[in-house]
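Okay, so here's the structure we're looking at.
Every read-out reported here was derived from the displayed coordinates using simple, explicitly stated rules and does not represent laboratory data. Because the structure is a prediction, the values reported are computed rather than measured. Here the Cβ is made from the backbone with ideal geometry for all residues, glycine too, and neighbour counts use every protein chain on show.
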Amino acid sequence: MFSLSRYLDIALAVVAVVLVKAVIARRRQRAPYPPGPKGLPIIGNVLQMPKEQEWVTFARWGEQYGDIVYLELLGQPMVILNSAKDAVALLDKRGTIYSDRPVLTMGGELVGWKESVSLLPYGARFREYRKFMAKAIGSKAQVERYLPLVERETVRLLQRMLDHPKDVSSNLRKTAAAIILTFSHGYRIREEGDPLFKVVHEAVEQFFKAATPGAFLVDVFPSLRYLPSWFPGTSFKAKAKRWNETLQKMVDVPHEFVKEQMAINAEIPSFTSELLKTETLEGDKEHNIKWAAASLYSGGSDTTVAAIHTFILTMMLFPDAQRRAQAEIDSVVGNERLPTFADRSSMPFVEAVYKESLRWHSLGPLGLPHMLKEDDIYKGYLLPRGSIVIPNIGKFLHDPEMYPNPDVFDPTRFLEADGRLAAHDPRDFIFGFGRRICPGLHLADASVWAACAMILAVFDIDKPKGVDVALTYTSGTLSRPQFECSIQPRSAKARDLITASEERA
Ligand code: HEM
């Protein structure tokens with residue numbers, strides 16, 4: 001039998017719970033949403049959403065309404081963070097509740113990318129993928145193992161640029177694929193007609209198409225997915241099926257390749273082979289290894305390409321910076337060999353040019369969206385559970401308080417001079433935040449820096465003669481520059497150096 005005091009304890013506990021709930025509910029009622037542009041009933045801000053250069057409109061709203069902007073799209077709350085401090089305070093410091101991802105019906109659910117780390121909900125499987133990645137490339141020290149691979153493949157890039165100077169994107173894509181697939185699966189791509197390269201490239205292109213905001217109505221009205229395939233307007237279902245087949249190949253083919261190579265002891269050590277050897281393959285383990293490895297290519301290929309391409313663009317547009325960086329390379333490295341990672345710390349201007357090109361044009365201006373798992377109160381505002389939270393990285397990189405004259409390409413802002421501190425490192429922003437921060441950031445940093453330094457050492461990048469430069473950027477998650485340029489070896493000696501280095505590599 002319960003004693004009276006036991007009943008009292010229970011009653012008190014119930015009262016306490018009710019009171020706490022009431023306080024939370026009252027706080028919730030009292031706290032307003034952050035300000036933002038006024039929307040229409042039901043559809044909210046849908047009609048005000050920009051179609052391109054979204055970050056610029058979001059930054060303008062930030063000036064109008066305050067750094068934290070609240071929007072609603074057909075009832076879906078969205079919070080834009082226009083200040084890096086708020087992004088750190090929420091996405092980094094309150095990472096336990098800010099690390100989910102929104103559901104993408106077309107790309108994630110129907111095509112199947114929801115198994116890749118970028119779209120995986122925050123939970124046990126996600127943590128396992130990230131643990132695998134952290135073990136392999138989670139720190140600068142771990143990535144040191146892969147620096148010889150990066151150097152060798154970057155030398156091959158120079159040879160490709162020499163042989164096919166007009167195919168800039170294709171040259172860069174092959175290089176990114178060669179680095180990532182060797183690291184992830186010990187797979188060496190063939191220079192021409194590599195079947196796996198074709199599949200992984202196709203799958204990633206299809207992902208970008210599937211994930212383009214507004215491209216598929218089923219992302220706005222998810223229940224459309226349940227309509228039968230013969231129903232008018234459901235051609236997205238057949239497309240999703242085709243794209244799913246490419247994705248499955250992208251995930252399965254390289255994984256099976258590693259297993260076949262391991263069976264005959266012929267594998268090149270890789271992310272996948274190491275995990276297959278060291279993990280106990282129970283439950284979902286092998287599935288998780290396979291998808292974590294595939295996520296590396298999809299996360300790392302086009303981003304690295306866009307970063308190096310943007311660098312080439314800035315060198316074409318700002319020849320003075322190009323010449324000064326080349327002069328620094330010549331003075332440190334000479335012209336008998338190519339720069340290596342060992343030279344990195346001796347070339348502060350090259351480092352500054354590299355950072356300024358990452359800052360000047362933001363290749364992922366809105367990062368990837370985070371999703372808030374619980375109601376949160378911040379700076380007196382209610383950020384409701386289920387909000388899509390977007391760090392406006394493009395704005396952070398053009399914040400005049402951190403980067404005076406932000407539209408000017410000025411590498412010297414990253415040099416310390418006369419007691420002036422160097423500007424904030426853009427790498428603290430471009431790789432995202434919190435528990436979702438880019439797991440490949442150290443490998444990306446090495447790959448992009450090596451390309452910048454080696455390209456400058458042997459090539460001159462100029463505007464094409466007699467052609468007006470037409471510069472456009474792709475819109476969507478990745479802002480890739482599209483332009484023509486002239487890439488020529490700096491001298492006959494530079495040409496010989498490329499060929500001799502390629503033969504050694
Ligand atoms: C310059 C090159 C790169 C840039 C600018 C970049 C940037 C980013 C950003 C902004 C995110 C989202 C972070 C967030 O949600 O807050 C991300 C995620 C990711 N990146 Fe990178 N990245 C680059 C290269 C790479 C490389 C080389 C790899 C792999 C080798 C990689 C793998 C990934 C993966 C797997 C994710 C998803 C992480 C998750 O959702 O938890 N990235 N990256």
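Before rounding to the nearest 500, sum -39500 (n - 2.57) across all DSSP H runs of length at least 4 in the chain and divide by the residue total; then give [θ] at 222 nm in deg cm²/dmol. Walk me through the numbers on the way to the answer.
Numbers: 18 runs with 254 residues, N = 505.
Mean residue ellipticity at 222 nm (helix-derived): -16000 deg cm²/dmol.
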Label-point separation (nm) for PHE341 and GLU144, each offset 7 Å from Cα along Cα-to-Cβ?
0.8 nm
Roughly what would the spin-label model give for SER475 and VAL88, points 7 Å off Cα along C-beta, in nm?
3.2 nm
So what does the Cα-only Debye profile of the stretch 355-405 read at q = 0.13, 0.15, 0.18, 0.30 Å⁻¹, as log10 I(q)/I(0), no solvent term?
-0.44, -0.56, -0.70, -1.06
Pair LEU415, ARG190: separation of 7 Å Cα→Cβ label points (nm):
4.8 nm
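So for the chain, considering every pair of alpha-carbon atoms, how many percent are separated by more than 41 Å? Show your work: numbers first, answer last.
On the way: 33098 of 127260 pairs.
Counting every Cα pair in the chain, those more than 41 Å apart make up 26 percent.
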FRET efficiency estimate (nearest 0.05) - Cβ-Cβ, LYS463 to GLN64, R0 51 angstrom
0.85
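So if R0 is 41 Å, what FRET efficiency would ASN405 and SER486 give, r being the distance between their Cβ atoms, rounded to the nearest 0.05?
Numbers: r = 29 Å, r/R0 = 0.70.
E between ASN405 and SER486, to the nearest 0.05, is 0.90.
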Charge dipole (the chain, unit charges on Cβ, about Cα centre) - positive-most of PRO319, GLY138, ASN45
ASN45
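Can you give the relative contact order of the chain as a percent, counting alpha carbon pairs under 8 Å and 6+ residues apart? Please list the in-between numbers first.
On the way: 725 pairs, mean separation 113.5, N = 505.
With pairs under 8 Å counted, the relative contact order is 22 percent.
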So, R0 is 30 Å and r is the distance between the beta-carbons of GLU205 and HIS164; what FRET efficiency does that work out to, to 0.05?
0.90
Residue-ordered couplings for the stretch 484-489, obtained by feeding phi - 60° into the Karplus form 6.51 cos²θ - 1.76 cosθ + 1.60 and rounding to whole Hz (Gly and Pro as x), are 9, 8, 10, 10, 10, x
Relative to the Cα centre, what is the charge dipole magnitude of the chain, using +1 at the beta carbon of each Lys and Arg, -1 at the beta carbon of each Asp and Glu, and rounding to the nearest 20 debye?
1460 debye
Determine which aspartates and glutamates satisfy two conditions relative to LYS85: a Cα distance under 18 Å, and not lying fewer than 8 residues away in the same chain.
GLU63, ASP67, ASP376, ASP399, GLU401, ASP425, ASP428
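Sorted by packing (mean other beta-carbon atoms within 10 Å per residue), highest first, where do 273-279, 490-496 land?
Working: 273-279: 15.7, 490-496: 13.4.
Averaged packing, sorted descending, gives the order 273-279, 490-496.
Sort 182-192, 104-114 by the packing proxy (mean of other Cβ within 10 Å over each peptide's residues), most packed first. Mind showing how you got there, number by number?
Working: 182-192: 18.7, 104-114: 22.7.
Averaged packing, sorted descending, gives the order 104-114, 182-192.
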I'd like to verify something in the chain: which complete DSSP H helices, judged by Cα projection on the helix axis, reach 15 Å or more and average at least 1.6 on the Kyte-Doolittle scale?
441-458
